[in-house]
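Novice: Please see the structure below; I have some questions.
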Amino acid sequence: MTNITIRELKPEDLDEYCRFLYVNFYGHEPVLQTPGDHKFDPDTAERRASRLAVIKQDLSLVAVDSSDGGRIVASAYASSKVPDDLEKSWNEVNENKPTEFIDHVYLFLRGVEKRSNIFQHFEVSKALYLNILSVDATVRNQGLGRRLVAALIELGRSKGFPIIATSCTSLYSTRVVEALGMSCVYSENYSDYRDEDGNVVIKPPEPHTSVNIMAMKL
């Protein structure tokens, strides 16, 4: 994989990055593979604006293939977070009753992140948070995800972050970050989240049974 290099994700990459996510993340994310016809548009103007704001933090990385015109083949989309960010995210999704499947997903995940008490656990006031780790299907199982996270860990250290953390929604991503020294500080099973009628809402395929908040000191 000498033709693949890692660099910073830049604002001018936004269009390509959004296309990359559409094909390689949203189509493979275990949570979104819950059976059913779910209404969800991952590339709205609002989401693009949010992604651009995160990219401008200069904390996200991409792997690009120089033999294919510098095409993005993997990404580690990360941002700086403080305790108020988790509280704000939770309040935003908790304001209204969930009506669509994606509303339940966000309510569950933001709730898990809030309940993890990650900042209190490490007694810190900020964290480098890996929001999305995604690898193109054509280059999976070659250690590229691990390379990206390792590079992100070094970036976090150089920027002075006391910890790095991530919400792993799949068993595979959990294993990747665990191999690099992260440990699970909080976990909740998907089967424990139910709607007001008591029905399990989020049903990813095996072996993905829980979301794990993984973290380590830098």
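Every read-out reported here was derived from the displayed coordinates using simple, explicitly stated rules and does not represent laboratory data. Owing to the predicted nature of the structure, the values given are computational and were not obtained by experimental measurement. Using ideal geometry, Cβ is built from the backbone for each residue, glycine included, and neighbour counts are taken over all protein chains shown.
Novice: Find, among the GluC sites (Glu not before Pro) in the range 117-203, those assigned to loop by DSSP (not H, G, I, E, B) with at most 13 other beta-carbon atoms within 10 angstrom.
Specialist: On the way: sites: Glu123, Glu154, Glu178, Glu188, Glu196; in loops: Glu123, Glu196.
Those satisfying the criteria are Glu123, Glu196.
Novice: Still on this model: At a threshold of 8 angstrom on Cα-Cα distance, excluding pairs fewer than six apart, so keeping six or more, what relative contact order does the range 29-85 reach in percent?
Specialist: Details: 37 pairs, mean separation 14.9, N = 57.
The value is 26 percent.
Novice: Continuing with this model, one more query. I'd like the Karplus ³J(HN,Hα) series for the range 77-89: coefficients 6.51, -1.76, 1.60, θ = phi - 60°, whole numbers in Hz, and an x wherever there's a Gly or Pro.
Specialist: 8, 9, 8, 7, 10, 10, x, 5, 5, 5, 5, 5, 4
Novice: What are the semi-axes of the equivalent ellipsoid for the range 1-42, taken as the square roots of 5 times the Cα gyration tensor eigenvalues, largest first, in whole Å?
Specialist: Numbers: eigenvalues 144, 40, 9 Å².
Listed largest to smallest, the semi-axes of the range 1-42 are 27, 14, 7 Å.
Novice: Next question. Per-residue HN-Hα couplings for the range 34-48, Karplus 6.51 cos²θ - 1.76 cosθ + 1.60 at θ = phi - 60°, whole Hz, x for Gly and Pro?
Specialist: With coefficients 6.51, -1.76 and 1.60, one gets 4, x, x, 9, 9, 7, 7, 10, x, 10, 7, 4, 5, 5, 5 Hz.
Novice: Tally Lys and Arg at +1 and Asp and Glu at -1 over the other residues with C-beta under 13 Å from the C-beta of Lys88: what net charge comes out? Could the numbers behind the result be given before it?
Specialist: On the way: positive: Lys81, Arg110, Lys114; negative: Asp84, Asp85, Glu87, Glu92, Glu95, Glu113.
Residues close to Lys88 contribute a combined charge of -3.
Novice: For a 22 Å ceiling on Cα separation, which of these pairs sit above it: Lys39/Lys114; Lys88/Lys159; Lys10/Lys39; Lys56/Lys126? Intermediate results must be reported in sequence, preceding the final value.
Specialist: Details: Lys39/Lys114 26 Å; Lys88/Lys159 24 Å; Lys10/Lys39 30 Å; Lys56/Lys126 18 Å.
Among Lys39/Lys114; Lys88/Lys159; Lys10/Lys39; Lys56/Lys126, the Cα-Cα distance tops 22 Å for Lys39/Lys114; Lys88/Lys159; Lys10/Lys39.
Novice: Cross-link candidates for Lys203: which aspartates and glutamates have Cα within less than 20 Å, leaving aside residues fewer than 8 places away along the same chain?
Specialist: Qualifying aspartates and glutamates at Cα under 20 Å: Glu29, Asp37, Asp41, Glu100, Asp103, Glu113, Glu188, Asp192, Asp195.
Novice: Using a Gaussian network model of the chain with C-alpha springs under 10 Å, which one of Gly111, Gly143, Gly69 is most mobile by mean-square fluctuation?
Specialist: Sorting by GNM fluctuation, first place goes to Gly69.
Novice: So what is the relative contact order for the chain, in percent, with contacts set as C-alpha pairs under 8 Å and at least six apart? Don't jump to the answer; show the numbers that get you there.
Specialist: Working: 351 pairs, mean separation 49.4, N = 218.
It rounds to 23 percent for the chain.
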